1. Looking at region 98-105, is at least one residue of a type in the set (D, E, K, R) and over 23 Å from His8 (Cβ atoms)?
2. Yes or no: Leu201 closer than 18 Å to Pro310 by Cα and either at pLDDT 95 or above or in a loop (DSSP other than H, G, I, E, B) (or both)?
3. Mind listing whichever residues of region 13-45 are open to solvent by 50 Å² or more (accessible area, probe 1.4 Å), touching a residue at least 40 places away in the same chain (Cβ under 8 Å) and of a type in the set (Val, Ile, Thr)?
4. Of the residues Leu255, Leu309, Leu304, Leu245, only one is out of contact with any Leu (no Cβ under 6 Å at 6 or more places or on another chain), open to solvent by 10 Å² or more (accessible area, probe 1.4 Å) and more than 16 Å from ligand 1 (Cβ to nearest atom); which?
5. Select from region 199-210 the residues that are open to solvent by 10 Å² or more (accessible area, probe 1.4 Å), within 16 Å of ligand 1 (Cβ to nearest atom) and in contact with a helix residue (DSSP H, G or I) (Cβ under 9 Å, 6 or more places away or on another chain) and list them in ascending order.
6. I'm checking my understanding of the structure. Among residues of region 163-187 that are aromatic (Phe, Trp, Tyr) and under 15 Å from Pro57 (Cβ atoms), which one is nearest to ligand 1 (Cβ to nearest atom)?
7. Based on this model, can you work out whether Tyr227 counts as outside any strand (DSSP E or B), within 16 Å of Ile287 (Cα to Cα) and either free of Cβ contacts under 8 Å to residues at least 24 places away in the same chain or of a type in the set (Val, Ile, Thr) (or both)?
8. Those residues that are surrounded by fewer than 18 Cβ atoms within 10 Å (Cβ to Cβ) and within 17 Å of Phe18 (Cβ to Cβ), I need them from region 89-105; list them, please.
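The values are calculated or read from the model by the stated rules, or taken from the named source; none is laboratory data. Being a predicted model, the structure only gives us computed values, none of them experimental. Using ideal geometry, Cβ is built from the backbone for each residue, glycine included, and neighbour counts are taken over all protein chains shown. Just so you know, the surface numbers come from the protein's heavy atoms only, side chains and all, with ligands and any DNA or RNA stripped out. Shrake-Rupley method; radii C 1.70, N 1.55, O 1.52, S 1.80 Å.
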Amino acid sequence: MLVISNPHYSLHAPRWEFKLGGETYSTKDLATRPELIRKALEGEGGFTFRDAEEFPPERIARLHGYHDFIKEVCAGITNPEEEIYPDLFPGEGAGIVRKNHPLWMGLFCTDAVTPLKKETYRTAKGSAEAAMTAARVVKDREHEAVYAMCRPSGHHAGPRNFGGYCYFNNCGLAAQVLLEEFPRVAILDIDFHHGNGTQELFYTRGDVYTTSIHCNPEIEYPYFTGYADEHGKEQGEGANLNMPLRKEADTAEYLAAIDSFAKAMEPFQPDALVIGAGYDTHEKDPIGAFRIPTGAYRKIGERLGGLRLPTVICQEGGYNLEVLGDCALNFLASFRDAHGRAG
Ligand code: OKP
Ligand code: ZN
């Protein structure tokens, strides 16, 4: 299986910590995550690696209204150690002035764990380019299934906002590239958290069918969306499916959700698939709460590979550094074997 890397993946490495009541919070998206995955895949031998190609920034700007904000704010930072966080979140309001200036960051960024640093734009663009390169390769029928080893993740980045460690929506950008060749694209998000950005990007569109299996948002990030009654609207009516699971969901419940995805997708008849693969569903993930052991990713990969669709797999979360590589290897190798033509 072909793996596309973001050559800049480690340049964005926030060091900020937040201390509250004796607890220290820090980012879980450590810059070493892709190299742990790479090591596990290299160990198996059935994977080849290629760097991402460059794409024009307009591709990103077309989906994300704040593209220029990130680009310009990052370009204005001189000290590579500096981390910019939002200071004020305006919420809803009329007539809000937009400025590509650090103090306006709360207008575009939803939280306090997704900072901008000098190299954030380059890193996030490289991640998006890894996804778009993978999609380009699948679109050109060079390979049937390609894995984009994205970092940072993308699924919380939407048309208006970025957050949740995500800047640009890698899966959404991959889908846009696939649409140049395939009329209907399905996106399945199997990260522990709801893919709110992906949902919002395509909520009123009928050409991209968005689905997400995640923890009940009533108790987990991103709280405000990810409920089962969000079906899409206008042209996108019926083209969004959320499958929230209880905290502590086990492998059987998870596989049942994967099967409902496959069934729900049938009438849509997708020509290609994008998978946002997060391994924070693992039983020992420091953020996630599901009960999925390392070996179960083989079953998940097998079911999704068995759909035998042209597929782009984009890396999302997964924060237990001890198991991350093995989870990815289990998922990708079994996907490849079940698919049969992944290459
Ligand atoms: C990104 B992804 C931890 C708070 C973390 C942000 C979660 C972002 C998840 N105390 N909040 O893996 O979907
Ligand atoms: Zn997640």
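1. Taking every residue of region 98-105 in turn, at least one turns out to be of a type in the set (D, E, K, R) and over 23 Å from His8 (Cβ atoms).
2. Values: closer than 18 Å to Pro310 by Cα: no; either at pLDDT 95 or above or in a loop (DSSP other than H, G, I, E, B) (or both): yes.
Considered against the rule, which asks whether it is closer than 18 Å to Pro310 by Cα and either at pLDDT 95 or above or in a loop (DSSP other than H, G, I, E, B) (or both), Leu201 comes out as no.
3. Of everything in region 13-45, just one residue is open to solvent by 50 Å² or more (accessible area, probe 1.4 Å), touching a residue at least 40 places away in the same chain (Cβ under 8 Å) and of a type in the set (Val, Ile, Thr), namely Thr32.
4. On the way: Leu309 fails: out of contact with any Leu (no Cβ under 6 Å at 6 or more places or on another chain); Leu304 fails: open to solvent by 10 Å² or more (accessible area, probe 1.4 Å); Leu245 fails: more than 16 Å from ligand 1 (Cβ to nearest atom).
The match here is Leu255.
5. Matches in region 199-210: Leu201 only.
6. Applying the filter and picking the extreme gives Tyr167.
7. no
8. Within region 89-105, Phe89 is the sole residue that qualifies.
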